[in-house]
Each structure stands twice: as structure tokens, then as C-alpha cells.
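Nothing in this text is a laboratory measurement; each read-out follows from the coordinates by a stated rule. This structure is a prediction, so every number in the text was calculated from the model and none was measured.
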Amino acid sequence: MIIAIDGPAGSGKSTIAKLLAQELKIEYIDSGAIYRTIALHGINSFPEGCQGREQEIAEQIRNDPGMIRISYENHTQVMWLNDEDVSKSIRHPKVTSQVKYIADYPACRELVNSKMRIIARDYPVVIDGRDIGTVVFPDSTHKFFLDAQPKIRAERRAGDLNIKPSGSDFEELIRQMEIRDKNDRERAIAPLKRAEDALYLDTSDMTVEEVIASILNHCHRLND
Ligand code: DC
């Protein structure tokens, strides 16, 4: 079984996907974290940035299949780069600013997609991302698209980053999220969009428990 959860940044998808995986005792694949690990490798190799180096970065990773690894601890995904646990460092703003170049590059997308397909071939999984229900697993029968009002999404992201939800840092966060949204939705390859057969959930006024309950109800209906 593949439960595909797509949506924009701050829609709650990673929180939900993680809890859902724990509830169902299956693995959670955070596809964004794999893109981020490739970007971190790119930054390590090319300190001036990933732009224009995407092909070399993809080739380095293709030529060294053990460079990026994924493991699981209690259904939580751990990302490894050259045998170092980078699950925290891939959240650094520098990685966030560079990952766009990786996500826009078809050969890098293929690397991420093939890693996910290998895991999903052997295990039931919950996967979150932008193109899971549309491109990576279009045949998955359990698809969800989470969304929320932009202000709420920004407030959630501010909470994750320990930023006060007002003032200049918050204004800058909103600006950065608008840029990322535009990039995700307008990407030439695999843009963020709702699969026609995905259940749409606006989580703006929903608690985490309510979102999980809606998803589980829908999964039970699909399984009946
Ligand atoms: O969800 P996130 O912020 O960790 O994602 C990191 C980047 O990867 C973000 O720019 C969107 C991109 N991404 C993507 O293009 N496709 C996915 N399936 C997941 C993430």
C-alpha cells in the first residue's frame, strides 16, 4: 500500500504523514528530505552553489549509489550522506535556498523517484511531497492533497523555525514561502498539483487529530 500525501509547504503534510506512519506501523518517506540531501551534497561539492552544477551533482550520486542512504528508526526516516546522519543539517536555510535547483532538474528528480520506488516495492509506505500522487505513484489508490490558507501555512512554518508570527522575520518568511509556492506550482517538470483522484483537505481549521481521522476514514472506505 502506498499512501500519497501532496501539498504545499506548511500544509501540515509532513506532520500528518509521520503520525500516520506511526499509527499504521509502516514507513514514512519524506521525499523533500531526499531532495535536500542531494542539495547538501551539492553545496559540499560546490560551495558557490548548485545552480549550473546539477548534472555533475546527479552524476556523482549515480556513480556512488551508497552515498545517499535512507534508514528507519521507529518508523522515522533518517537521511545519510557519506555515512553521516544529516537529518538535521538538511533543514539549514542554505539547503532550503539551494534545493530548488535540484528539484527543478530532471536527472535529480529521477534519482529521488527511483530511491522511493525501491522502498515502496518492498514495504507499505506513507510518502509526502509535491508530485507523489501525480508523477511518482500515479497508480496509488490512496491519495491526499493537503492545503491551508497561506497565512496559516506561514504561521505553522514560523512555529517550526521558532520565529515570532509577526515582525520583519515573519514578513521575510512569508516572502520566501510565496517564492517557493510559485516555484513548486510552476515547475516545468512535476509541478505541485492535486491528482484528480486525491482527496482534498483544507487543514486551516482542522486539528492534527481531525486530519488523521479524515485520512484514516477515507483509507478504510477505500479498503472496504
Ligand atoms: O518539503 P520540503 O520543503 O522539505 O521540500 C524540499 C524541496 O524539494 C522543495 O523545494 C520542494 C521540493 N520537492 C519536490 O519538488 N518534490 C517533492 N516530491 C518533494 C519536495
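Can you spot the lysines whose alpha carbon is less than 18 Å from Lys100's alpha carbon? Ignore those fewer than 8 places along the same chain.
Cα-Cα hits under 18 Å: Lys182, Lys193.
Can you work out the Karplus-derived ³J(HN,Hα) for every residue in the range 210-221? Use 6.51 cos²θ - 1.76 cosθ + 1.60 with θ = phi - 60°, whole Hz, and x for glycine or proline.
These are the phi-based 3J(HN,Hα) values: 5, 5, 4, 4, 4, 5, 5, 4, 5, 4, 4, 4 Hz.
Please give every one of the lysines within straight-line cross-link reach of Lys88, meaning a C-alpha to C-alpha distance under 17 Å, and leave out same-chain neighbours fewer than 8 residues apart.
Lys18
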